[in-house]
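The structure under discussion appears below in the form of structure tokens.
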């Protein structure tokens, strides 16, 4: 009788602890003044001239803004070419469906089953030993800081959309189903296995010294394979690596679905708009990340770059959720003012 009492008490404590762990949702809305690394805006070009203000930043130079004058093809008007890195998006990663860390830790409590809850797990490989895998959810937010703060009053080159949440992974049935997700990207089948692993090293080396290789679109350098475009990570080294990889997969998924455009390159410049042109296979070079939660890293991280510096101190037991600001490369033709 005493054994049964102790057993019931233990199970009640365990269930309560598990329920509490699943109910926890930590977060904070980023301080748009202090948390964002505005050095990531640079380098920029204006009328063909390089502006860097002494910042040793990385630059994916498409060459579209090297001329002093540009022409808008939609209305044949002339203008000034400008290129820069615009902070446009926020992305957070979390284990709990419905948790939104970058909205202050808001939890909307959607219904979900155990398979939809994220976390790490160890699996035995056939050759012996164990490997750590992970599954996490992501949320995307549109937050064009330059117009939100009123820094730019009116310009066709800056994103003027209002704050929005266009993508939440727990509402996407393909996010935790690898086979179902490949229906969106059937071209990813040949790049599984050895082809993916072999391409990670050269991509990581390129990203270490600058930017990843656009031709190796099926990998994210040192972060891991880009496909399948789900929250399932077969090799989970650190929480920071998993979060960065899922961020890259998110944007690759949005590009493949036609929901994300590329504002970099000659065609985007001549379109004379802030949104850019459709790009179904994402060019990894157009994105840089800056962690803002649980605390800012003040770094501009290109896709696939090794994360040895970013990972320092970010694997504490209480750190289960991560948040990032995403900078996107933009080439634009700012039309001359018409009298």
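Points to keep in mind about this one:
- Filter result (surrounded by 13 or more Cβ atoms within 10 Å (Cβ to Cβ) and either at pLDDT below 95 or assigned to a helix (DSSP H, G or I) (or both)) within the range 175-187: 176, 177, 178, 180, 181, 182, 184, 185, 187
The rows are residues; the columns are (1) at pLDDT below 90; (2) more than 26 Å from residue 285 (Cα to Cα); (3) touching a helix residue (DSSP H, G or I) at 6+ places or on another chain (Cβ under 7 Å); (4) surrounded by fewer than 16 Cβ atoms within 10 Å (Cβ to Cβ).
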{"residue": "8", "(1), (2), (3), (4)": "yes, yes, no, yes"}
{"residue": "17", "(1), (2), (3), (4)": "yes, yes, no, yes"}
{"residue": "30", "(1), (2), (3), (4)": "no, no, yes, no"}
{"residue": "37", "(1), (2), (3), (4)": "no, no, no, no"}
{"residue": "40", "(1), (2), (3), (4)": "no, no, no, no"}
{"residue": "45", "(1), (2), (3), (4)": "yes, no, no, no"}
{"residue": "50", "(1), (2), (3), (4)": "yes, no, no, yes"}
{"residue": "54", "(1), (2), (3), (4)": "yes, no, no, yes"}
{"residue": "58", "(1), (2), (3), (4)": "yes, no, no, no"}
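- Total residues in the range 83-107, condition surrounded by fewer than 21 Cβ atoms within 10 Å (Cβ to Cβ), in contact with a helix residue (DSSP H, G or I) (Cβ under 9 Å, 6 or more places away or on another chain) and in a strand (DSSP E or B): 1
- Positions within the range 273-307 being over 23 Å from residue 217 (Cα atoms) and outside any strand (DSSP E or B), in sequence order: 273, 274, 294, 295, 296, 297, 298, 299
A quick yes/no check of all residues on (1) in contact with a strand residue (DSSP E or B) (Cβ under 8 Å, 6 or more places away or on another chain); (2) over 28 Å from residue 318 (Cα atoms); (3) surrounded by 21 or more Cβ atoms within 10 Å (Cβ to Cβ); (4) at pLDDT 95 or above:
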| residue | (1), (2), (3), (4) |
| --- | --- |
| 203 | yes, yes, yes, yes |
| 210 | yes, yes, no, no |
| 222 | no, no, yes, yes |
| 227 | no, yes, yes, no |
| 231 | yes, no, yes, yes |
| 238 | no, no, no, no |
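- Residue count, the range 241-272 (criterion: in contact with a helix residue (DSSP H, G or I) (Cβ under 7 Å, 6 or more places away or on another chain), without any contact (Cβ under 8 Å) to a residue 60 or more places away in the chain and in a loop (DSSP other than H, G, I, E, B)): 1
- Residue 271 falls short on exactly one of the conditions (1) surrounded by 21 or more Cβ atoms within 10 Å (Cβ to Cβ); (2) within 23 Å of residue 133 (Cβ to Cβ); (3) in contact with a strand residue (DSSP E or B) (Cβ under 8 Å, 6 or more places away or on another chain), and that condition is (2).
- For the residues 296, 317, the requirement of being surrounded by fewer than 24 Cβ atoms within 10 Å (Cβ to Cβ), over 11 Å from the mean Cα position of the chain (by Cα), on the phi < 0 side of the Ramachandran plot and in contact (Cβ under 8 Å) with a residue 12 or more places away in the chain singles out 296.
The values are calculated or read from the model by the stated rules, or taken from the named source; none is laboratory data. Here the structure is a predicted model, which means the values were calculated and not measured. Please note: Cβ atoms are built from the backbone with ideal geometry, for glycine as well, and neighbour counts cover all protein chains shown.
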